[in-house]
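See structure below.
The values are calculated or read from the model by the stated rules, or taken from the named source; none is laboratory data. Not measured: the values here are computed from a predicted model. Cβ: placed from backbone, ideal geometry, glycine included. Neighbour counts: every protein chain shown. For accessibility, only protein heavy atoms count, side chains too; no ligands or nucleic acids. Shrake-Rupley method; radii C 1.70, N 1.55, O 1.52, S 1.80 Å.
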Amino acid sequence: MLEYKADFIIEYNEKKNKNLKRSDVDWSQSKVIFISSSFTDFQIQASNFKDLPIELWTVKQFEDGIIYVSSIKKSKASPSINSIKNKGEINTLKELKVYSEEDHLKDKSEDIQDLYMTFKNAILNLNNDINIEPKKLYMVFKTERNIAAIHLQKKALKLWINLVSGKLDDPKNLARDVSQTGHWGTGDYELLIEDSKNLEYIMSLVKQAL
């Protein structure tokens, strides 16, 4: 796809009946997703690099048409793809960018970093299975599905809760319904957070997306 972008755009436009331009696509966020009933230990280790945009997903089918989908998580101590000595084999990856939590924190004030860490830890404490997946513009908190997302601004945090419009019980009306407006993150509810005074209440909102 990265080597033949024009062909990809033509194929996409023909299939979707759209007029997408190459400049409309953020190619740096391309990724490969492998789906299989199982993977070998070698396959898992071969993709276990923190900055390698490859995901492994297992799919199992049970009786009564039940399908279980699960992602294979990379280890927390996974190395960088740059540790491979023969870099000539991964030239295509230079165009890709896998973001980290540090990328989002590095240019933010200490106050915003502390505020983010407070809400991050509070969300992680809601469920032991919650993981963080940094994206280009925000951090996603997820189990098998997205729960919430946080974007770090200069003086505040924006938090999105992954619930469709009308499904959030919010007596204090702190969350804004953004289902009809453009926004980042997944979900129809957005909160602007400038301090931690409503932390416990906001966690009660986030918990509804679990």
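Take every DSSP beta bridge with both residues inside the chain and express the antiparallel ones as a percent of the total, to the nearest 5.
The antiparallel fraction comes to roughly 85 percent.
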Longest site-free stretch - the chain; sites: chymotrypsin sites (Phe, Trp or Tyr not before Pro), DSSP loop, at most 13 other Cβ within 10 Å:
63-210
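Stretched out fully, how many nm does the piece from S83 to L2 gain, at 0.36 nm a residue minus the Cα gap?
Details: separation 81, 0.36 × 81 = 29.16 nm, distance 2.25 nm.
Net length gain for the segment: 26.9 nm.
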Choose one answer from N128, N17, N48: the residue with the largest mean-square fluctuation in a GNM of the chain with alpha-carbon springs under 10 Å.
N17
Helix 5-16 versus the longest principal axis of the chain: what angle, 0 to 90°, nearest 10, using Cα atoms?
60 degrees
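Under a Cβ-Cβ cut-off of 15 Å, what is the net charge of the residues other than I67 that fall near it, where Lys and Arg count +1 and Asp and Glu count -1?
Values: positive: K60, R145; negative: E63, D64, E144.
Counting the neighbours of I67, the net charge comes to -1.
Run lengths n ≥ 4 of DSSP H only: what is the helix-derived mean residue ellipticity at 222 nm for the chain, with -39500 (n - 2.57) per run over all residues, to the nearest 500? Could the numbers behind the result be given before it?
On the way: 5 runs with 46 residues, N = 210.
So the helix-based figure for the chain works out to -6000 deg cm²/dmol.
How big is the Kirkwood radius of the range 97-210, worked out from every pair of different alpha carbons and given in Å to one decimal?
Working: mean 1/r = 0.0709 Å⁻¹.
About 14.1 Å, per the Kirkwood formula over Cα pairs.
Suppose a student asked you for the relative contact order of the range 34-181, using Cα pairs under 8 Å spaced at least 6 residues apart; what percent would you report?
Working: 156 pairs, mean separation 21.3, N = 148.
Once normalised by length, the contact order is 14 percent.
Under a point-charge model restricted to the Cβ atoms of Lys and Arg (+1) and Asp and Glu (-1), what is the dipole moment magnitude of the chain relative to its Cα centre, in debye to the nearest 20? Walk me through the numbers on the way to the answer.
Values: 31 positive and 31 negative charges, 81 e Å.
Here the chain has a charge dipole of around 380 debye.
Kindly flag which residue pairs out of K135/K158; K120/K172; K74/K97; K154/K207; K73/K135; K15/K136 have an alpha-carbon separation exceeding 20 Å in this structure. Please list the in-between numbers first.
On the way: K135/K158 14 Å; K120/K172 22 Å; K74/K97 17 Å; K154/K207 26 Å; K73/K135 16 Å; K15/K136 27 Å.
With Cα atoms farther than 20 Å apart: K120/K172; K154/K207; K15/K136.
Mind ranking M1, M139, M117 by accessible surface for me, highest first, 1.4 Å probe?
Working: M1 100, M139 0, M117 70 Å².
Output order, biggest surface exposure first: M1, M117, M139.
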Report, in degrees rounded to the nearest 10, the 0 to 90 angle that the Cα long axis of helix 110-124 makes with the longest principal axis of the chain.
80 degrees
If I compute log10 I(q)/I(0) by the Debye sum over Cα atoms at q = 0.07, 0.08, 0.17 Å⁻¹ from the structure I just sent, which labelled value in (i) -0.37, -0.47, -1.08; (ii) -0.29, -0.38, -1.66; (iii) -0.28, -0.36, -1.34 lines up?
(iii)
Stretch gain in nm, segment T58-N127, where the contour uses 0.36 nm per residue and the Cα spacing is subtracted:
22.6 nm
Cα centroid of the range 183-210 to Cα centroid of the range 42-67, whole Å
30 Å
Mean shadow area of the range 142-186, taken as a quarter of the surface of its Cα convex hull (nm²):
3.9 nm²
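Given R₀ = 41 Å, FRET efficiency for E11-S38 by Cβ-Cβ distance, to 0.05? Please list the in-between numbers first.
Details: r = 31 Å, r/R0 = 0.75.
Calculated transfer efficiency: 0.85.
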Given a 1.4 angstrom probe, I'd like the percentage of the accessible area of the chain that is carbon and sulfur, rounded to a whole number.
49 percent
